[in-house]
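Okay, so here's the structure we're looking at.
The values are calculated or read from the model by the stated rules, or taken from the named source; none is laboratory data. Quick caveat: nothing in here was measured; it's all calculated off a predicted structure. Cβ placement follows ideal geometry from the backbone for every residue including glycine, while neighbour counts extend to all protein chains displayed.
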Amino acid sequence: MPAGYLPIFIFLVCAVLFPLLLLVVFQFLRPRLPLPTKLEAYECGIKAASNARGRYTVRFYIIAILFVVFDVETVFLFPWAVRYKQLSWFGVGEVAVFLAILVAGYIWAYKKGALEWV
């Protein structure tokens, strides 16, 4: 084994053994039977009205993903705005193409009804 790989091998062994060792040690240190009050859900002292594992409609996730995707546009527009003078008309053309693709995405999502909450 080349000597250059020895530190990597030692680090790999430590990275695997350390979490496993901690899991074994704390298996013996943790309390066995928690108290019933410890298992209750806490919501400002009020008993839970329903199960916390309720179902969400797929539309909720679609709205969330669309928000993230279309909100990231500002992250891509910021470097362009910083280098606006150096990019000149080439940069304007690039942003125009980017925004055209983005508007096409908005139109597609609107036609599919993904932007309607109800």
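Each row is one residue, and each column tells you yes or no for (1) modelled with pLDDT of 85 or more; (2) loosely packed, with under 11 Cβ neighbours inside 10 Å; (3) assigned to a helix (DSSP H, G or I).
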| site | (1), (2), (3) |
| --- | --- |
| Gln86 | yes, yes, yes |
| Glu94 | yes, no, yes |
| Val103 | yes, yes, yes |
| Leu115 | no, no, no |
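Tell me, yes or no, whether the stretch 23-32 has at least one residue that is surrounded by fewer than 10 Cβ atoms within 10 Å (Cβ to Cβ) and modelled with pLDDT under 80.
Scanning the stretch 23-32 turns up at least one residue that is surrounded by fewer than 10 Cβ atoms within 10 Å (Cβ to Cβ) and modelled with pLDDT under 80.
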